[in-house]
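Enquirer: A single structure is presented below for examination.
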Amino acid sequence: MILTVKSKETPSSPKSKGKKKWEPRIVGITCNWCSYAGADLAGTSRIQYPSNIRIIRVNCTGRIDPLFVLRGLELGADGILISGCHIGDCHYVEGNVAAKKRFEFFKKILDEMGLGDRITFEHVSASEGLKWAEVVAEFTNKIEKLGPTPVKDLSNLTDLHVDETESKKHKIHEVLLSIAKRVDYEPKKVMIFEPEEVMEGYGFPKRDPDKCVGCYGCFSVCPENVISLEDVEGKRKYGTLHTECLVCKECEKACPQEAIEIVPGFELLSYMKNEPLWDLEVELQKCSICGKHFSPIPFGEELKKRLAEKKAVKAIDGLSLPFEPYTTCPTCKREKMAQTIAEVAQPALTTGKKS
Ligand code: FES
């Protein structure tokens with residue numbers, strides 16, 4: 001039995017004449033084994049607490065999909081209270097540890113949007129009926145002070161159906177963008193989350209600028225276009241799109257320089273703007289013939305070094321090519337080769353011509 005009472009009016013409660021007084025709408029998500037039982041105990045013990053909370057019971061807090069919380073906020077909940085067993089008491093061993101990690105990650109994002117105070121994670125055991133009542137009363141009070149949710153416009157809500165062609169991460173991203181739009185949140189600065197701050201499955205390719213030569217092997221194997229390239233004024237920029245990384249490590253395997261590593265982490269600006277975060281720049285080689293920039297200088301140098309190790313430089317140098325092999329762009333190389341072949345072939349053709 002869950003027993004609640006109507007919350008009391010507080011001086012800060014927004015109200016308008018003739019209209020029904022605003023009451024916070026709070027969603028409670030509790031685990032079955034501890035907090036739901038604690039809420040039940042509060043009811044059977046006739047401990048009264050605000051009736052603003054509507055409880056959803058799940059087996060374990062580990063079952064709480066971040067979408068439950070995000071969608072609740074998108075739908076206009078004024079507050080969301082998650083409650084589960086104390087650490088060490090989870091009936092599924094570490095479900096609450098995983099849930100708390102996910103919670104902290106999304107709370108940090110929601111903090112940026114001004115919604116972080118509207119979610120909370122509590123530990124209430126089956127024997128803590130009184131604590132449950134206090135936790136609910138305290139959170140309700142806090143939400144009353146904060147006022148109604150700033151999330152506006154409940155039209156065009158995200159379709160929550162996750163089909164086979166879409167990943168859960170994409171859906172989470174979609175809902176976060178929808179919330180951001182409804183609270184007029186505009187990310188302005190780069191905000192990097194440390195490895196211990198992100199939930200499992202969130203990571204990105206980190207480049208070692210001292211090792212990376214700009215060969216773009218990582219770019220060509222990435223299945224999700226996480227790695228971006230852009231040539232600007234004689235330089236090639238390398239960027240990372242933090243929305244898309246699958247943490248598949250294909251780029252890591254493809255890098256001949258061991259310059260890239262998938263690390264747990266996250267960057268909010270790139271994520272919310274869906275734009276790459278440019279994190280490396282290398283100088284491009286200028287073509288000795290046409291003057292166009294074409295390939296990263298460190299890449300050419302590395303190639304030369306590797307050929308030398310394989311004793312192949314002499315072979316290339318001995319070819320007496322009609323162009324400088326490392327400083328000529330592919331288009332000019334092709335043209336020079338074609339021109340040379342034509343020059344060599346022409347006399348032969350002329351000589352062999354029947355009169
Ligand atoms: Fe209560 Fe896992 S069973 S948090």
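The values are calculated or read from the model by the stated rules, or taken from the named source; none is laboratory data. Keep in mind the model is a prediction, meaning the values are calculated, not measured. With ideal geometry, Cβ positions are generated from the backbone for all residues, glycine too; neighbour counts draw on all protein chains shown. Ligands, DNA and RNA are stripped out before the accessible areas are found, and what is left, the full protein with its side chains, is counted by its heavy atoms. Shrake-Rupley method; radii C 1.70, N 1.55, O 1.52, S 1.80 Å.
Enquirer: Can you give the translational diffusion coefficient of segment 95-199 in µm²/s, computed by Stokes-Einstein from the Kirkwood radius over Cα pairs at 10 °C and 1.306 mPa s? Kindly include the intermediate steps, with their values, before the conclusion.
Expert: Working: Rh = 16.2 Å.
It comes out at roughly 98 µm²/s.
Enquirer: A follow-up question, please. So how far, in whole Å, is the C-alpha centre of segment 230-306 from the one of segment 39-62?
Expert: Cα centres, segment 230-306 to segment 39-62: 52 Å.
Enquirer: Moving to a separate point now. Tell me, what is a quarter of the convex hull surface for the C-alpha atoms of segment 38-142, in nm² with one decimal? Let's see the in-between values first.
Expert: Numbers: hull surface 25.3 nm².
Averaging across all directions leaves 6.3 nm² for the Cα convex hull.
Enquirer: List the relative contact order of the chain as a percent without decimals, with contacts defined as Cα pairs under 8 Å and 6+ residues apart.
Expert: Values: 605 pairs, mean separation 48.0, N = 355.
Over the chain, the number comes to 14 percent.
Enquirer: Counting only DSSP beta bridges with both residues in the chain, what percent are antiparallel, rounded to the nearest 5?
Expert: On the way: 22 of 39 bridges.
Restricted to the chain, the bridges split so that about 55 percent are antiparallel.
Enquirer: Quick one: net charge of Pro223's neighbours, Cβ under 10 Å, K/R +1, D/E -1?
Expert: Numbers: positive: none; negative: Glu224, Glu244, Glu250.
Value of the local net charge: -3.
Enquirer: How far apart, in nanometres, would the label points at Asp208 and Tyr326 be if each is projected 7 angstrom from Cα along the Cα-to-Cβ direction?
Expert: Reported label-point gap for Asp208 and Tyr326 is 2.2 nm.
Enquirer: Now for a separate question. Across segment 141-149, in residue order, what do the Karplus-derived ³J(HN,Hα) couplings come to in whole Hz, using 6.51 cos²θ - 1.76 cosθ + 1.60 with θ = phi - 60° and x for Gly and Pro?
Expert: With coefficients 6.51, -1.76 and 1.60, one gets 4, 4, 5, 4, 5, 5, x, x, 4 Hz.
Enquirer: Same structure again: Between helix 330-351 and the chain, what is the angle of the helix's C-alpha long axis to the longest principal axis, kept within 0 to 90° and rounded to the nearest 10?
Expert: Approximately 30 degrees, to the nearest 10.
Enquirer: Right, next: For Leu280, which sequence-distant residues (separation of 5 or more, or a different chain) have an amide H within less than 5 Å of its own amide H, given hydrogens modelled in the peptide plane?
Expert: Excluding prolines and chain starts, which carry no amide H, the hits are Tyr238.
Enquirer: Based on DSSP H runs of at least 4 residues, each adding -39500 (n - 2.57), what is the mean residue ellipticity at 222 nm of the chain after dividing by all its residues, to the nearest 500 deg cm²/dmol?
Expert: Working: 11 runs with 126 residues, N = 355.
Helix contribution divided over all residues of the chain: -11000 deg cm²/dmol.
Enquirer: Same structure, new question: With every protein chain left in place, what is the accessible area of Leu177 in Å² (1.4 Å probe, nearest 10)?
Expert: Here the residue's solvent-accessible area equals roughly 60 Å².
Enquirer: Another question, then. Going by alpha carbons, how many degrees (0 to 90, nearest 10) lie between the helix axis of 95-112 and the longest principal axis of the chain?
Expert: 80 degrees
Enquirer: Here is a further query. Quickly work out the Ala254-to-Lys273 label distance, labels modelled 7 Å from Cα along the C-beta direction, and quote it in nm with one decimal.
Expert: About 2.5 nm separates the two model spin labels.
Enquirer: Between Ser51 and residues 5 or more places away or on another chain, which pairs have amide H atoms under 5 Å apart, with H built 1.01 Å from N, and which residues are they?
Expert: Those lying under 5 Å, H to H, from Ser51 are Val5, Lys6, Ser7.
Enquirer: Assuming R0 = 35 Å, what is the FRET efficiency of Lys169 and Glu134, from their Cβ-Cβ distance, to the nearest 0.05?
Expert: On the way: r = 36 Å, r/R0 = 1.04.
Computed FRET efficiency for Lys169 and Glu134: 0.45.
Enquirer: Okay, moving on. May I ask you to derive the relative contact order of segment 223-313, considering only C-alpha pairs under 8 Å and at least 6 residues apart, and to give it as an integer percent?
Expert: Details: 119 pairs, mean separation 24.5, N = 91.
It rounds to 27 percent for segment 223-313.
Enquirer: OK, next. Over the chain, average the accessible area per residue using a 1.4 Å probe and give it in Å², no decimals. Show your work: numbers first, answer last.
Expert: Working: 19510 Å² over 355 residues.
That works out to 55 Å² for each residue.
Enquirer: Using a cut-off of 15 Å between beta-carbons, work out the net charge of the residues near His123 (Lys and Arg +1, Asp and Glu -1, His123 not included).
Expert: Once positives and negatives cancel, what remains is -4.
Enquirer: Right, here's the next one. Work out the length of the dipole vector of the chain about its Cα centre, built from +1 on the beta-carbon of each Lys and Arg and -1 on the beta-carbon of each Asp and Glu, and round it to the nearest 20 debye.
Expert: Values: 52 positive and 52 negative charges, 149 e Å.
It comes to approximately 720 debye.
Enquirer: Return the Rg/Rh value of segment 170-274, two decimal places, where both radii are evaluated on C-alpha atoms and Rh is the Kirkwood radius. Before the final figure, lay out the partial values.
Expert: Working: Rg = 14.6 Å, Rh = 14.7 Å.
My calculation of the ratio gives 0.99.
Enquirer: Ok, one more. Using amide H atoms built in the peptide plane, which far-off residues or other-chain residues are under 5 Å from Lys206 H to H?
Expert: Glu261, Ile262, Val263
Enquirer: What is segment 129-228's relative contact order, in percent, from Cα pairs under 8 angstrom and six or more apart in sequence? The partial results should precede the final answer.
Expert: Numbers: 21 pairs, mean separation 18.6, N = 100.
The value is 19 percent.
Enquirer: Read phi for every residue in segment 48-54 and hand back ³J(HN,Hα) as whole Hz from Karplus 6.51 cos²θ - 1.76 cosθ + 1.60, θ = phi - 60°, with x for Gly and Pro.
Expert: Result, ordered by residue: 8, 8, x, 8, 6, 8, 10 Hz.
Enquirer: Add +1 for every Lys or Arg and -1 for every Asp or Glu among the other residues with Cβ under 13 Å from the Cβ of Val135, and state the total.
Expert: -2
Enquirer: What whole-number value in cubic angstrom gives the convex hull volume per residue for the C-alpha atoms of the chain? Show your work: numbers first, answer last.
Expert: Working: hull volume 75.5 nm³, N = 355.
In the chain, the Cα hull volume divided by residue count equals 213 Å³.
Enquirer: Provide the per-residue ³J(HN,Hα) series for segment 207-213, in order, calculated from phi with Karplus coefficients 6.51, -1.76, 1.60 and θ = phi - 60°, each as a whole number of Hz, with x at glycine and proline positions.
Expert: 9, 8, x, 7, 9, 5, 10
Enquirer: Does anyone have the angle between helix 35-44 and the longest principal axis of the chain? Alpha-carbon axes, 0 to 90°, nearest 10?
Expert: The answer is roughly 10 degrees.
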